Amino acid sequence: MRAMGAVGTLFAVVNRTSTETAAVEWHMHRRVSDRSAVCELCEAHGERVPGVVLVEGHVALDILNDPNDFYTGQELREAGQQHLDLTGEAWLVIERDPRVRSMPIGLWVVRPDRMRPVPSPTRFIAGYEYVTPDGETVPLALDDVIFIRMPNPLDPYRGMGPVQALLADLDSVRYSAEWNRNFFVNSAEPGGIIEAPRQLSDREFNDFITRWREQHQGVAQAHRVALLENMKWVERKYTMRDMQFAELRGVSREVIREAFALHKHKLGLSDDVNRANAEAADADFQAGLIVPRLKRWRGKLNQRFLPLFGETARDLELAFCSPVPEDRDAANAERTSKATAVKTYIEAKVPLRYALEQAGLPELSDEDLAEIEAEREREEQRREEQRRLQQERFVRPAPGEPAPGREPDGESIEDRITRLLDERERAGRALADWLAPERPPVASLPRNAKDLDPDELPDISHVQEAWERALAALLADWADVTAEQIDRLVDAVRDAISAGDIERLAALPADSERGAVVLAGAMESLARSAAEQVVDEAREQGVEMEPGVLAAGAMTAPASVTASLLAIELAVSAGRQALRLVTPAATPDDV
């Protein structure tokens, strides 16, 4: 315990763990048979505990938060946690009402070195003894003491903390600090030897020491010229061992942090800490150091303290609010996983109530279930309508009607009828001319384009050029889409490796929303271009027609599926490559 006040690194570590542990809010649960019941306070802190309800108040909780007239609840837990981190033991003595001996009214924390378990041949421990500062021994019963400890592998009656494993290193740190201090006290100069030609008498020796201290001892007297009568100054140079004291202190700091498994960021050391591993260090500190300490307190309080309140504590348990910060990526992934599970159940025609139960989601009321079922039916109708429209990709205008999406020409019904009759008459004459005797019979026409004379083949090079231009434009836009996807994948891989959760490499984000928009736009543009090319080719052959018009959203589904598959392939490739590069020595940036 004295080492905490002698070594700064140890003080920083124990102060951080004890204050963080003591600052956590405590409350109380009542266990109920309804597994759907949850504590709203725990749920607000990101922890779902089924089968419990929040208890607003109880005398045990009041004592834990206000243990006595001189300690607050936080001070009691902080002092106890200091003892636990330093010695592996925390001792709480229960104060009782003298009128009702069985009723606790307070808690006191006492020093571990003043407590001693009394072994029993039949009950393991018969009781405890407390030694007062004046040496008096006070016997205590088993139910008067709450003993929290880290088990000692050599002594089942006592505990062991990290400091016991660090005593030699802590002594090294203290001694190196004292050496540095003495260096400055001694004029900030290395020591030396004054050599006398003969043995000095006691009086001569004492006079010389007094004059030397008055003239040269202390930093203020540094670098003064020394006058030695019949004596010789022998200077002592620095040795390599002397030069290693700074490194020794640095190594000892690392050893102390390792014993407590504490990240250097938690001690304010940020020379090589970035935001990603700082956030990971915060989460790891709370989950790996603070939560186990809180669980040790919770287990002992529920086992040894709460039963002292008899029937009033039946089905009750003390609980703490989780200090672990919410992992937003993990929470989002969990929500996505649950939503996917519910969707899979629904598509398999499983009742919604059962699907929610299997996915671990809260139950819904009958009204909510009825509304959701109605919405599902409406969604099915919308999907059916979309499938029908996709089967009719191109909607041709009705005879005499303007093409969809085009402004009507404003002609009257009579003019439109006259125009249609004239067009039909011209088409009939063109057909009659084509079937004239000077034309070859239909049966003699070549059946394949390859049988035609090359000079007779239509020139469709402009069609190929248009397609190549459209493809080049799409690939140029797609490069930006892929670059954004890769940036997101790199960040996700770095976050997964920083958090030490390589399982997240199997669920990297496959963002395809922008890709679907770009691909659908390119497909729709090329479809319109193709329709216009068909009309132009028909016009060159003497046939007038209106271009087909693409139905709204006809390309959305195929573009979305294609972009999603490409994004998934990219994410799978990134996860596989990252997994290949993950090693214990690899940093997130390396991967």
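Here are the numbers for the structure shown:
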read-out	value
Cβ-derived FRET efficiency at R0 45 Å, C321 paired with A483, nearest 0.05	0.55
Cβ crowding within 10 Å averaged over residues, with 485-494, 306-315 ranked highest first	485-494, 306-315
Length added when fully stretched, V543-I125, from 0.36 nm per residue minus Cα-Cα	139.8 nm
Centre separation in Å (Cα based) which lies between the range 31-104 and the range 505-536	61 Å
Shape of the range 1-100, Cα gyration tensor, a/c cut at 1.5	oblate
Translational diffusion coefficient (Stokes-Einstein; Kirkwood radius from C-alpha pairs) of the range 502-591 at 37 °C, 0.692 mPa s, in µm²/s	200 µm²/s
Listed pairs K295/K343; K295/K338; K266/K300; K295/K349 exceeding 31 Å between Cα atoms	K295/K343; K295/K349
FRET E, pair V32, A196, Förster distance 60 Å, beta-carbon r, rounded to 0.05	0.10
Sequence ranges 461-467, 558-564, ranked by mean other-Cβ count within 10 angstrom, highest first	558-564, 461-467
Inter-label distance for R211 and N152, nm, one decimal - labels placed 7 Å from Cα along Cα-to-Cβ	5.8 nm
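Quick note: the coordinates plus some simple rules give every number you see, no bench work behind them. This structure is a prediction, so every number in the text was calculated from the model and none was measured. Ideal geometry is used to build each Cβ from the backbone, glycine not excepted, and the neighbour counts take in all protein chains shown.
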